[in-house]
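Working notes, beginning with the structure itself.
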Amino acid sequence: MILAIDVGNTNIVLGAYEGEKLTAYWRMSTHGYKSSDELGMFIYNLLQHNDINPKSMEQVVIASVVPDIMYSLEHGIRKYLCINPLIVGPGIKTGLNIRTDNPRELGADRIVNAVAALKLYGGPAIIIDFGTATTYDVIDKEGNYIGGVISPGINISADALWQRAAKLPKVEIQKPDRVIGKNTIDSMQSGLVYGYVGQVDYIVKRIKKEMKSPEAKVIATGGLAKVIAPESKTIEEVNGFLTLQGLRIIYEKNK
């Protein structure tokens, strides 16, 4: 068995794999735990709670965009699971040919998503990850990573409205029944959800035009993918475990 860990700015997602089968997964706050003992014991207890022997783990593979937590996370894993984790970064085999100005600046999560999409769906492909930021990653017909787009995430946009406009409340991100809101909350939700749908469809159409690949497969992942995808005309597939699957694939390449 292996443990795949995706460390994002808002959440840490963990998945236990037995071969290619995801047997259990969990989500925790990135900022809720700080010390190596807290993180290590938390992971140890999660595994035990799901009747998984922590000592049965062959490897732990991690993709992180939060450097500050990595010291505690790595040391917690070493102490409680007795494993030296595999961290996605320079020197790790991914099989991905990154054709950008500076490949080293590409986030680990985006690399992992691209690896998974290429393996599962082939190229050309566009991967949209609805996280703290919304990222669009582009793979061409030959399977090369050629670039992408970064925009503010939906929650960031919602928080900006709440924090910067004195009379606007904090709202839950959900789709209202109508575009025309009859009250402040419905109006804000409409702008956030339908505005984001418009952004996604426009950016995807521009990407396909620039790469001259109208057939490019569009895959969505991330916490809010299921909110946006049903209204989108361009999203074809929602895969909530794309990053965890990519981590498993990278582990196989580095065995």
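The values are calculated or read from the model by the stated rules, or taken from the named source; none is laboratory data. None of the values given here were measured: they were computed from a predicted structure. Cβ: placed from backbone, ideal geometry, glycine included. Neighbour counts: every protein chain shown. The area values use the complete protein model at the heavy-atom level, side chains included, leaving out ligands, DNA and RNA. Shrake-Rupley method; radii C 1.70, N 1.55, O 1.52, S 1.80 Å.
Here are some notes:
- Number of residues in the stretch 94-112 that are more than 20 Å from GLY15 (Cβ to Cβ) and outside any strand (DSSP E or B): the value is 10.
- Hits in the stretch 32-51 - residues which are within 18 Å of PRO85 (Cα to Cα) and surrounded by 17 or more Cβ atoms within 10 Å (Cβ to Cβ): SER36, LEU39, GLY40, PHE42, ILE43, TYR44, LEU46, LEU47
- Unmet criterion (only one of (1) touching a Phe, Trp or Tyr at 6+ places or on another chain (Cβ under 6 Å); (2) without any contact (Cβ under 8 Å) to a residue 12 or more places away in the chain) for GLY91: (1)
- Any chance LYS55 is at pLDDT below 90 and under 24 Å from GLY107 (Cα atoms): no
Quick grid of which residues meet (1) open to solvent by 20 Å² or more (accessible area, probe 1.4 Å); (2) among the hydroxyl-bearing types (Ser, Thr, Tyr); (3) under 26 Å from ALA133 (Cβ atoms); (4) in contact with a Lys or Arg (Cβ under 7 Å, 6 or more places away or on another chain):
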residue	(1), (2), (3), (4)
LEU3	no, no, yes, no
GLY8	no, no, yes, no
ASN11	yes, no, yes, yes
ARG27	yes, no, yes, no
THR30	no, yes, yes, no
GLU58	yes, no, no, no
PRO67	yes, no, yes, no
TYR71	yes, yes, yes, no
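- Yes/no for TYR202 being touching a residue at least 24 places away in the same chain (Cβ under 8 Å) and of a type in the set (Phe, Trp, Tyr): no
- Test: VAL193 is hydrophobic (A, V, I, L, M, F, W, C) and modelled with pLDDT of 95 or more: no
- Selection within the stretch 160-211 - within 20 Å of the chain's Cα centre (by Cα) and either exposed (fewer than 15 other Cβ atoms within 10 Å of the Cβ) or not in a helix (DSSP H, G or I) (or both): ILE173, GLN174
- Looking only at residues in the stretch 216-255 that are over 25 Å from LYS93 (Cβ atoms) and among the β-branched types (Val, Ile, Thr), the one that is most open to solvent (accessible area, probe 1.4 Å) is VAL238.
- Positions within the stretch 145-159 being of a type outside the set (Val, Ile, Thr) and open to solvent by 30 Å² or more (accessible area, probe 1.4 Å), in sequence order: GLY148, PRO152, ASN155, SER157, ASP159
- For the stretch 116-137, residues that are in a strand (DSSP E or B) and either open to solvent by 10 Å² or more (accessible area, probe 1.4 Å) or of a type outside the set (A, V, I, L, M) (or both) total 7.
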